[in-house]
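Everything below concerns the one structure shown next.
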Amino acid sequence: MSAFTVEVRVMPRAALLDPQGRAVQHALQALGFGEVASVRAGKHLVLQVQAASREEAAVKARMMCDRLLANPVTEDYECNVSP
Amino acid sequence: MQRVAVVVFPGSNCDADTLDAARAAGSDAYYVWHRDADLKRADAVILPGGFSYGDYLRSGAIARFSPVLRAVAAHARAGGSVLGICNGFQILCEAGLLPGALMRNARLKFLSRPVRVRVEATDTPFTTGYEREEELTLPIAHGDGRYVADPQTLAELKANAQVVLRYVTENPNGSIHDIAGVCNAGRNVVGIMPHPERRNAQVLGGQDGARVFSSLEGRNATQHAGDLRAVDDRHLRV
């Protein structure tokens, strides 16, 4: 077993309204950053995982995302595993 | 008299009002702590409003892994009545006992005020006391009340008439199709965003919410009437 760092990025699904991202975009525009065409706000989780291999860590991370870390109805996720 | 279990999570804050409302409707209501996997022979289970686990990660996401939820899921699978109010609705969606999900209000603000809703389904255990298309004033109090579902789920909701409550006159949170409450395909599991327990007596400004709770008792009375007819042979021969 060795330790892996799993970084999980959870984002609201593109088709759905993201009011948080929109509010941040409006605030940036109010600050004069008119070049910001859109903002989407998600979550970034960093997990320390014990696993036999990088592949096993990735499989486990995806199970965690499917069961808890992301809502399959509203969110998409990506997992990155590093030693 | 129905036995009504009101589940208490860390962070529930509508549990006492919900218990009172169920008792006022004549039910034998009692609390069940979220770590307790025994519903104590409940006829109906209510998941009350609040902020279970501080709404961490997503509203309802952590509460769904409480031991009591396994018992609630088994109760629901067996056809038992389950009602989720506000945070309880969010938990039932996260647990997969109801379709869809509840996201941040479209205009981000936490909303706490009365709204108008229309009763769209009167054939659930919690709405038999209402008339179809009856309009009610009920309070909402939520930050994550925007109901969303994929197009296939929405088509199923429509085909099976699973929308229980719909916002009328205004949509406060951006819910798709103005949805304020839904039930499962079996119609025994219901989730609603408004708080009927906060509107069950004139002293609270109205009693439009009272029949959510008295519907349980009314259904019981109907069953008894059915039993009586069944043993009365004159009626049986009709």
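The values are calculated or read from the model by the stated rules, or taken from the named source; none is laboratory data. Computed from a prediction, not measured in an experiment: that's the story for all the values here. A quick note on method: Cβ atoms are made from the backbone with ideal geometry, for glycine too, and the neighbour counts reach across all protein chains shown.
Assorted remarks:
- When B:Gly143, B:Gly174, B:Gly186, B:Gly181 are checked against the criterion of being at pLDDT 95 or above and crowded, with 20+ Cβ neighbours inside 10 Å, B:Gly181 stands alone in meeting it.
- Residue match in region A:41-48 (condition: hydrophobic (A, V, I, L, M, F, W, C), under 16 Å from A:Phe4 (Cα atoms) and within 11 Å of chain B (Cβ to nearest Cβ)): yes
- In region B:55-74, the residues that are crowded, with 18+ Cβ neighbours inside 10 Å and either more than 10 Å from every other protein chain (Cβ to nearest Cβ) or of a type in the set (Gly, Ala, Ser) (or both): B:Asp55, B:Ser59, B:Gly60, B:Ala61, B:Ala63, B:Ser66, B:Val68, B:Leu69, B:Ala71, B:Val72
- Verdict on A:Ser82 being surrounded by fewer than 15 Cβ atoms within 10 Å (Cβ to Cβ) and touching a helix residue (DSSP H, G or I) at 6+ places or on another chain (Cβ under 8 Å): no
- When region B:28-53 is filtered for residues that are over 16 Å from B:Gly88 (Cβ atoms) and either hydroxyl-bearing (Ser, Thr, Tyr) or without any contact (Cβ under 8 Å) to a residue 24 or more places away in the chain (or both), only B:Tyr30 remains.
- When region B:191-219 is filtered for residues that are in a helix (DSSP H, G or I) and in contact with a Leu (Cβ under 7 Å, 6 or more places away or on another chain), the ones remaining, listed by number, are B:Pro196, B:Arg198.
- Extreme residue, farthest from B:Phe213 (Cα to Cα), among residues of region B:5-37 that are touching a Leu at 6+ places or on another chain (Cβ under 7 Å) and part of a strand (DSSP E or B): B:Val32
- Region B:79-160 holds strands (runs of 3 or more DSSP E) entirely within its bounds, and those carrying 1 or more residues that are under 28 Å from B:Gln2 (Cβ atoms) and away from every other protein chain (no Cβ under 12 Å) map to B:81-85, B:111-119, B:135-142.
- Applying the criterion of being touching a Pro at 6+ places or on another chain (Cβ under 8 Å) and of a type in the set (Gly, Ala, Ser) to the residues of region B:28-54, the residue that is surrounded by the fewest Cβ atoms within 10 Å (Cβ to Cβ) is B:Ala37.
- Any hit, region A:31-54, residues being closer than 30 Å to B:Lys109 by Cβ and in contact (Cβ under 8 Å) with a residue 60 or more places away in the chain: no
- Flag for B:Ala25 being under 25 Å from B:Glu217 (Cβ atoms), surrounded by 16 or more Cβ atoms within 10 Å (Cβ to Cβ), touching a helix residue (DSSP H, G or I) at 6+ places or on another chain (Cβ under 6 Å) and more than 14 Å from chain A (Cβ to nearest Cβ): yes
- Unmet criterion (only one of (1) more than 17 Å from the chain's Cα centre (by Cα); (2) farther than 18 Å from B:Arg104 by Cβ; (3) outside any loop (DSSP other than H, G, I, E, B); (4) modelled with pLDDT under 95) for B:Arg64: (1)
- The residues of region B:45-61 that are closer than 27 Å to B:Ser214 by Cβ and in a helix (DSSP H, G or I) amount to a single one, B:Ser52.
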